[in-house]
């Protein structure tokens with residue numbers, strides 16, 4: 001029988017299959033590397049795109065914050081201006097009142113009496129004065145009570161003042177300031 005040696009053919013076949021396996025393995029590794037590289041590029045691109053969007057939003061948020069701050073400052077300035085306007089209007093409206101009050105002092109003061117000191121706290125006036133007699137003090141009280149600009153007279157003390165005559169008196173009186181317009185509004189309600 002003839003001897004046929006199949007070992008080299010098998011070895012060659014095995015070597016060819018091994019080379020083919022290694023080529024396929026290398027191709028798969030290369031294909032896997034390319035897929036990983038492409039996936040990395042896609043993810044990196046998406047991250048950069050999202051970072052761009054985030055920076056765009058941050059810029060606009062910063063702009064809106066600046067505008068909100070400016071609006072708050074403007075509202076604060078507006079409130080301050082309105083407050084100043086109210087104060088000025090109040091002062092303008094009350095400017096002639098002090099003149100009317102002093103005019104009313106002259107009208108209510110009876111002959112034989114005068115004020116030595118006068119103090120005002122808010123709408124209350126406290127006066128210290130002298131009169132020739134207690135009748136002059138009573139007359140002053142009645143006139144203050146009948147005045148349109150004064151109300152609630154309160155005689156605190158009456159003392160003898162011999163330096164102003166035999167029946168001279170030193171008195172302390174307090175009363176409130178009112179406006180005839182306020183009284184009319186109060187009566188209408």
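Overview of values
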| item | result |
| --- | --- |
| Any pair with Cβ under 7 angstrom, 6 or more apart, that starts in segment 49-67 at a residue that is free of Cβ contacts under 8 Å to residues at least 40 places away in the same chain and ends at one that is surrounded by 10 or more Cβ atoms within 10 Å (Cβ to Cβ) and assigned to a helix (DSSP H, G or I) | none |
| Test for residue 75: is it out of contact with any helix residue (DSSP H, G or I) (no Cβ under 8 Å at 6 or more places or on another chain), under 30 Å from residue 177 (Cβ atoms) and modelled with pLDDT of 95 or more | no |
| Residue 97 being part of a helix (DSSP H, G or I) and touching a residue at least 40 places away in the same chain (Cβ under 8 Å) | yes |
| Number of the exception - residue 46 against (1) part of a helix (DSSP H, G or I); (2) in contact with a strand residue (DSSP E or B) (Cβ under 7 Å, 6 or more places away or on another chain) | (2) |
| Flag if residue 84 is out of contact with any helix residue (DSSP H, G or I) (no Cβ under 8 Å at 6 or more places or on another chain), surrounded by 10 or more Cβ atoms within 10 Å (Cβ to Cβ) and not in a helix (DSSP H, G or I) | no |
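The values are calculated or read from the model by the stated rules, or taken from the named source; none is laboratory data. Note that this is a predicted model, so its numbers are computed, not measured. Using ideal geometry, Cβ is built from the backbone for each residue, glycine included, and neighbour counts are taken over all protein chains shown.
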